[in-house]
1. Look at Cys87 and say whether it is at pLDDT below 85 and within 30 Å of Gly30 (Cα to Cα).
2. Output the helices (runs of 4 or more DSSP H) that fall wholly within the range 111-201 and possess 3 or more residues being in contact with a Pro (Cβ under 9 Å, 6 or more places away or on another chain) and more than 30 Å from Ile212 (Cα to Cα), or say none.
3. So which residues in the range 195-214 are exposed (fewer than 15 other Cβ atoms within 10 Å of the Cβ) and touching a residue at least 12 places away in the same chain (Cβ under 8 Å)?
4. Which residue is nearest to Gln131 (Cα to Cα), if the candidates are limited to the range 166-190 and must be touching a strand residue (DSSP E or B) at 6+ places or on another chain (Cβ under 8 Å) and surrounded by 14 or more Cβ atoms within 10 Å (Cβ to Cβ)?
5. Of all the residues that make up the range 111-146, how many are more than 20 Å from the chain's Cα centre (by Cα) and within 18 Å of Cys161 (Cα to Cα)?
6. Filtering the range 92-103 down to residues that are in contact with a helix residue (DSSP H, G or I) (Cβ under 6 Å, 6 or more places away or on another chain) and assigned to a helix (DSSP H, G or I), which residue is farthest from Ile75 (Cα to Cα)?
7. Applying the selection to the range 26-63, what residues are in a helix (DSSP H, G or I) and either under 30 Å from Glu216 (Cα atoms) or modelled with pLDDT of 70 or more (or both)?
8. Working only within the range 10-25, note down all residues that are without any contact (Cβ under 8 Å) to a residue 60 or more places away in the chain and either in contact with a helix residue (DSSP H, G or I) (Cβ under 6 Å, 6 or more places away or on another chain) or not in a helix (DSSP H, G or I) (or both).
Amino acid sequence: MVQGCGNKCVKYFFWLINFLFFVLGAIIVGLSIWMLVDKNSLNTVASTVKVDLSQILSQVNIQQLNSFLYVAIVIGGALLVLGFFGCCGSCCESICAISIYFILVLILFVVEVVAIVLYFVNKTNLQQGFQTIWRDELVSKYNTQQQIHQVLDQIQSSLQCCGASGCSDYIPYGAFPTSCQCATIQQAGCATVIWNSFESSLIYVAFVGIIILFVELLAMIFSCIIIGAVKEKRSQA
């Protein structure tokens with residue numbers, strides 16, 4: 001066992017945090033797999049907690065739900081792996097396991113920092129790309145695909161917007177949709193409205209991101225402290 005009260009506190013706190021990561025990852029993976037395998041799982045949960053989800057479930061797109069569940073499995077799996085190496089490394093005082101843990105967290109840390117930098121560097125291009133995708137994949141198919149027609153009508157009515165960047169997006173495809181009000185006012189594009197809404201709430205995303213980066217930095221510092229304490233104990237043996 002590592003020597004010193006401070007090192008022991010770091011070790012036990014490190015183990016506890018990673019145990020919580022492991023349990024959280026197991027819950028996320030387990031629930032996601034259950035929902036993928038059993039299509040009535042949401043109804044089962046709703047009936048258990050006595051909540052009526054019938055209206056929400058009737059509007060859920062199965063393909064989108066499955067995509068979300070696959071992403072959840074990846075995130076839960078990552079938490080499982082990190083929690084496993086963190087718990088095993090601190091409990092068994094394994095330098096190898098803690099080193100693997102440190103490398104994994106470092107990779108996540110670097111990827112997140114690079115993603116943040118790339119976002120601010122390519123901010124304008126990302127916004128233009130979002131508008132282009134909205135125009136090419138949604139607006140252009142408004143008159144040919146009923147599902148897209150209904151989704152766009154709902155978005156344009158609720159957000160009081162039209163097209164990707166404005167009413168002019170519909171000119172090549174015929175008349176303006178009834179969900180737009182282009183005859184009376186000049187409406188903003190839906191892609192523009194959604195992007196501006198995202199940017200207005202970016203401060204909350206940044207706050208969560210800073211917390212995640214801080215936790216990852218703390219995890220790397222703790223893992224280095226434990227590795228140093230284990231090496232010191234072994235050198236004295």
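The values are calculated or read from the model by the stated rules, or taken from the named source; none is laboratory data. If you're wondering where the values come from, they're calculated on a predicted model, not measured in any experiment. When we count neighbours, we look across all protein chains shown, and the Cβ atoms used for this are built from the backbone with ideal geometry, even at glycine.
1. Spelling it out, it is not the case that Cys87 is at pLDDT below 85 and within 30 Å of Gly30 (Cα to Cα).
2. 146-159
3. The one that is exposed (fewer than 15 other Cβ atoms within 10 Å of the Cβ) and touching a residue at least 12 places away in the same chain (Cβ under 8 Å): Ile212.
4. Per the criteria, the residue is Gly189.
5. Going through the range 111-146 one residue at a time, the tally reaches 14.
6. It comes out as Ile95.
7. Selection gives Ala26, Ile27, Ile28, Val29, Gly30, Leu31, Ser32, Ile33, Trp34, Met35, Leu36, Val37.
8. Of everything in the range 10-25, those that are without any contact (Cβ under 8 Å) to a residue 60 or more places away in the chain and either in contact with a helix residue (DSSP H, G or I) (Cβ under 6 Å, 6 or more places away or on another chain) or not in a helix (DSSP H, G or I) (or both) turn out to be Leu24, Gly25.
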